[in-house]
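Worksheet: one structure, shown below.
Here, each number is a calculation from the coordinates, and none is a lab measurement. Here the structure is a predicted model, which is why all the values come from computation and not from measurement. Quick reminder, even Gly has a Cβ in these numbers, built from the backbone with ideal geometry, and neighbours come from all protein chains shown.
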Amino acid sequence: MFDAERYSRQIEIFGIEGQKKLSKSSALVVGAGGLGSAAIQYLAAAGIGRLGIVDGDIVEKSNLQRQTIHAGNVGMNKAESAKLFVERLNPEVDVKAYPFTLTPTNALELLKGYDVIVGCPDSFRVRFILNDACFLLKKPFVHAAVYAFEGELSTFIGSPCYRCYLPKMPPSTGRAIIGANAGLFGCLQALEAIKLITGYGEPLKGRILRLSADTMSFFEFSIRKREDCKVCSGELQGIFEENYRDNCEIKKT
């Protein structure tokens, strides 16, 4: 049983039953960087029952501008560092660190044990792996990406999928980022996951929310299932390394 006092403010919104759903549910956060730091923090604070964290990188000083949960842990693996943070923040959460990178080889095995997948990687390759594995496993995929003052958010549940939005890798835009922007979108990812688990509100299925933070301009657009999407059509039968090389276009189904 959970400590109702700890969660009293959110229980006022979705009730004891909503909190019970959270305490019995699980989320896997892939990437413990700028987005992941915020998503991990607020999923743990909300009382998610089980939280998995995947990241093979180590904490560097330049990360701390946005990856705030790693304070004092330069040189440590990010998943292990995030696990320590969660344990201090909320001992009620069963947290597991996976101190390695998500790959086509391990994706299905990692994802299958969790209810909601929160994608916070810094590479398109991992986003495509997550999309394809989530579709095959019928798991909701909460996506966000940020660059400089811009960001986007969506939740992919079945069709349309991320490949309906981006069938292959676009040109690289670089690594510039405002830390607060990454934190904002990581919080929004946690919020989407909480909505999915509790059943409160409407997820961003089939919609992309975008922000230009330099002018604080939010806008939204719809995406539709692509007729030639090999994932949504059911052609894709597995996670194959060939599909995540070069521009990550699907070559093997």
Run the dipole for the stretch 151-215 about the Cα centre, Lys and Arg Cβ at +1, Asp and Glu Cβ at -1, nothing else charged, and hand back the magnitude in debye, nearest 20.
-> 220
Of the listed values [x] 84, 39, 32; [y] 54, 44, 34; [z] 51, 41, 41, grab the one calculated as Cα extents along the principal axes in Å from the structure here.
-> [z]
Isolated Cys in the chain by the 4.7 Å beta carbon test?
-> CYS120, CYS134, CYS161, CYS164, CYS187, CYS248
What whole number of Å gives the distance from the Cα centroid of the stretch 189-253 to the Cα centroid of the stretch 118-142?
-> 8
Going by how many other beta carbons lie within 10 Å of each one, how would you line up TYR244, TYR165, fewest first?
-> TYR165, TYR244
Which peptide among 225-236, 31-42 comes first, and what is the full order, when sorted by highest mean count of other Cβ atoms within 10 Å?
-> 31-42, 225-236
Would you list, by chain and number, the aspartates and glutamates whose Cα falls below 15 Å from the Cα of LYS139, excluding same-chain residues fewer than 8 positions away?
-> GLU109, ASP115, GLU192
Between the helical axis of 124-137 and the dominant principal axis of the chain, each derived from Cα atoms, what acute angle in degrees is found, rounded to the nearest 10?
-> 80
Proxy exposure order for LYS112, LYS139 (fewest C-beta within 10 Å first) is LYS112, LYS139
Treating only Lys and Arg (+1) and Asp and Glu (-1) as charged, each at its beta carbon, one finds that the chain has a dipole about its Cα centre, in Debye to the nearest 20, of 340
Sorted on mean Cβ neighbours within 10 Å (highest first), peptides 103-111, 120-128 come out as 120-128, 103-111
Hey, fewest Cβ within 10 Å first, where do LYS195, LYS138 land in order?
-> LYS138, LYS195
Can you tell me the FRET efficiency between ARG224 and LYS20 if r is taken as the Cβ-Cβ distance and R0 is 41 Å, rounded to the nearest 0.05?
-> 0.70
With N residues in the stretch 1-88, what two-decimal value do you get for its Cα radius of gyration over 2.2 N^0.38 Å?
-> 1.17
Lys/Arg +1, Asp/Glu -1 at C-beta; the stretch 1-143 dipole; positive extreme among VAL29, LEU111, PHE100 = LEU111
Taking alpha-carbon centroids only, the stretch 14-28 lies from the stretch 68-114 a number of Å equal to 20
